[in-house]
Structures are given as C-alpha cells and as structure tokens.
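Participant: What follows is a single structure, and I will ask about it in a moment.
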Amino acid sequence: MEEDLPEAPIATTPSDVNHTASWRTFRPVIDLKLCTKCNVCWKFCPDDAIAFDGVGFPVIRLDYCKGCAICAEECKPKAITMVKED
Amino acid sequence: MTQLVISGNYAQSYAAKLARVHVVSAYPITPQTAIVEKIAEFVASGALPAEYIKVESEHSAMQACISASALGARTYTATSSQGLLLMHELLHWAAGARTPVVMGVVNRAVAPPWSIWTDHGDTMSQRDTGWIQFYGESNQEVLDTTLMAFRLAEHPEVRLPAMVTEDAFYLSHTVEPVDIPGQDQVDAFLPPRERSSTLEVGKAMRLGSFTGPEHYMEFRHKIAKAMVRTRDVFLEIEDDYARITGRNHGGLLPTYKTDDADTVLVTMGTATTTARGVVDAMRADGHKVGLAKLRTFRPFPVQELRDLATRVDRIGVLDRSFTFGAAGAAFTEVAGALYAAPHHPQLRGFVAGLGGRDITAAMVREALLDLLTRDGPESSWVELKSRTEAS
C-alpha cells in the first residue's frame, strides 16, 4: 500500500534481495566435465549471476540470471548449454 | 534590513547566503555566472560557512546537491539554458529521491541557433521533472521567493526541489534597489533544516534503487500528492514571510486590475512589468483590461485560473516559449485547466520574445486589442519577421 511506503524511495536492505530473473526463457547449464575453471563466464556475466563452488567450478545463481547466454557464447570449451525453461 | 542596488543574479546570491546554505555546487554558464561567483566570494571570505564543491559539469553539480541534500544539508545551485538541459536526468533524480534542492535558473534561450538571451524554453523543458517552478518579475521578488523556496522545498508535507527563475539580462544583469532582510529576520523565518529522514550517516541505506512494478506507481503518486499540497503550504509560507518582512508577492497567480476586467492577459516573468503599464494606459482609454501573472508554473495554479475564468470573457496568454507541434506551453496549460471548468472564456495564445527579442508595450497593447476587438487565430507568433502573415 502507498501508505506503508516511505516518502522517499529508500531501502535498508542490499539490492540483491530483489530477485530479477523471472523473465528468463533459457537457462545456462554447465557441463562440469568440460569446464576448465577459467572464469571467463564470470568475467563476462553482465549481472552478478555466477558464483563458485568450494572447488572453483562456476555455479549459476538462478535468482539473478536472465538467460542472456553471454556466458555460453564466451565459454571456450563450450561447457555451457542454454536449455529452454519449462 | 538594508537596501542594496543589485542585479537579479546577486539577489540569488544574497538569498543563498541568508538561507545559510551548507553546500553549494555549481558550474558557471552565461548569464548565471555572477550568482555562483558571488557565492564563492562569500565562502572564500568566511561570510558564508558553506562547502563549495567545484565540479566539471552541471550534471555533477546537481548530483552533488542531491547527495548532500539526502544527508540533510541545505543545498543550492544555479544554472541556465544548456547547463539546465545537461542536468535534466538529475532533475528527475532530485524530485524522485525527494531531495529539497533549491536552484536559481537564469532563463536563457536554448541552442541552436546559439543564444545567450532570455526566453523560457529551458525551464519549460523541465516542467515534468517534479520540480516546483517560480518565475520572477523583479530582483526583489527573486530574493524573497528564493528564501521562501527553501522553506517550501524542505517542508515535511512537500519535500520537493524548487527552482526560482529570472529572465536573462532583464533581471540577471539589471540592477534595482532590493531590500535585504536582516539575518535575524531570515533566521526567524527559515530555521535550520530539520534532520533528514532520508539517509543517515553510519547506516547502510539505498536511495532510489531498483523498485518493481508493485511499488513504483505509488512512489510517483506520493510526488503528485506532495505537489498538490505545495499550493496551500506556499500560501501559508508567504503569509509568514509577509509577517516578518512586510512583503507578499501575491501567491501563485497574482492579478492586477482584474476585479471588473472583462479581458485578462496571462503573463510570466519580466513581460508582466511591461504589460502592467499597458493595462494602466488602456484603462485610461476606458478598456476593462487586467493581468494575471503565472508566478508558479509547477504547481500550476488551476484553482486560481478557474476562479478568474468565472469573472472574465476573454483570456490571452503571452508565452515566451513554444512547444513544437502544439502551442505555447502556458497557453496549453491554461486551456487544459479551464476545459473541465464550467466557465469558458474565449482563449487566445500569443508567442513573443523568444531568444531575447523585446516584448514591447506596443506588442502587449496589440495583443490586448486583438483580444478585445478582433477575431484572431487561436494562437499566433507576435511580430514575426515574415513575408507571410504570422501564424
């Protein structure tokens, strides 16, 4: 409700509370057998949608990935495939 | 109180000093330069203990003011024409973030062709940014209105940025006697800004960041409602200012000799002074003419215009700007305000004085005679130098 909102648009939470991936059509799926841990996907991701697991493999953060496929395009060993969402 | 003979630009500078602004950030541009030059002198001499932030552009100047204002500082900047246009994105930010920045704007025509002379095209281009807009007629009015603008912008029911404009050269570089209120009078009228509820030092907060469709519209509606409240809050503030200084410039739409008038010309800025003399002369000839001055363009004085429309048969609107593909900006707004009202005086628009061309008494007289006695076009450009008839 309008009355519940502050007068100025302020927030006390960091902006990653906003999950911004609802319009994704294709999701990146990583074949870890082909991945060389080169981090190129992480470098090219225009959002903050790629994290790393404990041993250095990339993990897609699906709350933020909008399915732009830049990671799949840039991945040298072609370890990332774009799969249509259900 | 003292009286000084100063330009409209210095009227702005003195108002900022009297308001005890904390932060000034500005970039020089003709014909605004003297405003911020004088403020820089005040700061350098210690007369104004403010932070003067030098920046590389008007865009950055406005950003500096927004950031300081969000933390509770009283902020001031000034610009003109191209500089105002460069600020455009940040003007939306200032209003959207509800930061009560006050800005002096010296109305100067927009290029190309390059011009340094006055018209209202620069500020009319900013009418949808959420800024309160005052148009000044005299150097005294500029100083008084700037002081009122601080209190209005910072009022808890308003919290919107405000610009106070003055016509280039006619005011900016013309000296007039101006009553400078005493610092004690201004302090009584304009106490220090209340602590900001926007951002707090030491607390992690975001201002104006991502908002989904579920909230955006409600935030915009808050601005719309604040702008509606601005009218009544301003009238109270001006009453209080008059109580302290003895001067009241007449609210949002001051009128002149409209009580028994059947024809009224709506004016803005310095053209009003010229038109007032014409009204006196035509009254001497027996014409029942009067004036209404758009002192604010945002909020637009809809209620005042509708009241006026109940009393008069003909309204002319003298515009110093033009909205391409439509008509003069003030003309379209006056027409919009009156269409839904029960009274519909005959309405006609006159576009004059673009790029610093003088709006002469003869021009104003012709416009009023045109309204009184002739069937003219709905909208016309006055004294256009053309082989074909102006239209």
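Participant: Mind checking which residues of the stretch B:63-80 are touching a residue at least 40 places away in the same chain (Cβ under 8 Å) and either over 20 Å from B:Q12 (Cα atoms) or of a type in the set (A, V, I, L, M) (or both)?
Facilitator: Correct list: B:A64, B:A68, B:A70, B:L71, B:G72, B:A73, B:A78.
Participant: Give me the pairs: first residue in the stretch B:210-233 and under 25 Å from B:T296 (Cα atoms), second residue part of a helix (DSSP H, G or I), beta-carbon distance under 8 Å, and six or more apart or on different chains, which are they?
Facilitator: Final answer for the pair search is B:F219/B:G96; B:H221/A:E2; B:K222/A:E2; B:I223/B:A95; B:I223/B:G96; B:T230/B:L152; B:R231/B:Q303; B:V233/B:L152.
Participant: Only one of these is closer than 19 Å to B:P254 by Cβ and not in a strand (DSSP E or B): B:A153, B:A149, B:A204. Name it.
Facilitator: B:A149
Participant: Scanning for something polar (S, T, N, Q), under 17 Å from B:W131 (Cβ atoms) and either in a strand (DSSP E or B) or over 18 Å from the mean Cα position of the chain (by Cα) (or both), does the stretch B:44-57 turn up at least one residue?
Facilitator: no
Participant: Give all pairs with beta carbons closer than 7 Å in which a residue from the stretch B:158-187 that is in the same structural domain as B:H221 (by TED's automatic domain parsing) and closer than 30 Å to B:A352 by Cβ meets a residue that is of a type in the set (D, E) and at pLDDT 95 or above; count only pairs at least 6 apart in sequence or on separate chains.
Facilitator: B:S172/B:E166
Participant: Here's a follow-up. Which strands (runs of 3 or more DSSP E) does the stretch A:3-86 wholly contain that include 1 or more residues that are under 30 Å from B:G202 (Cα atoms)?
Facilitator: Correct list: A:50-52.
Participant: If you go through the stretch B:180-212, how many residues are more than 30 Å from B:E141 (Cα to Cα) and either away from chain A (no Cβ under 14 Å) or among the aliphatic types (A, V, I, L, M) (or both)?
Facilitator: Residues meeting the conditions: 5.
Participant: Continuing with this model, one more query. With the checklist (1) touching a helix residue (DSSP H, G or I) at 6+ places or on another chain (Cβ under 6 Å); (2) more than 20 Å from B:A224 (Cα to Cα); (3) assigned to a helix (DSSP H, G or I) in hand, flag the one item B:R283 doesn't pass.
Facilitator: With (1) touching a helix residue (DSSP H, G or I) at 6+ places or on another chain (Cβ under 6 Å); (2) more than 20 Å from B:A224 (Cα to Cα); (3) assigned to a helix (DSSP H, G or I) applied to B:R283, the lone miss is (1).
Participant: B:F350 versus (1) over 10 Å from B:G316 (Cα atoms); (2) outside any loop (DSSP other than H, G, I, E, B): which is the lone unmet condition?
Facilitator: So B:F350 meets the others, but not (1).
Participant: Moving on. Take the stretch B:13-32 and flag every residue that is over 22 Å from B:S67 (Cβ atoms) and either touching a residue at least 60 places away in the same chain (Cβ under 8 Å) or surrounded by fewer than 19 Cβ atoms within 10 Å (Cβ to Cβ) (or both).
Facilitator: B:Y14, B:A15, B:L18, B:T30, B:P31
The values are calculated or read from the model by the stated rules, or taken from the named source; none is laboratory data. Just so we're clear, the structure is a prediction, and the values are computed from it rather than from any experiment. Ideal geometry is used to build each Cβ from the backbone, glycine not excepted, and the neighbour counts take in all protein chains shown.
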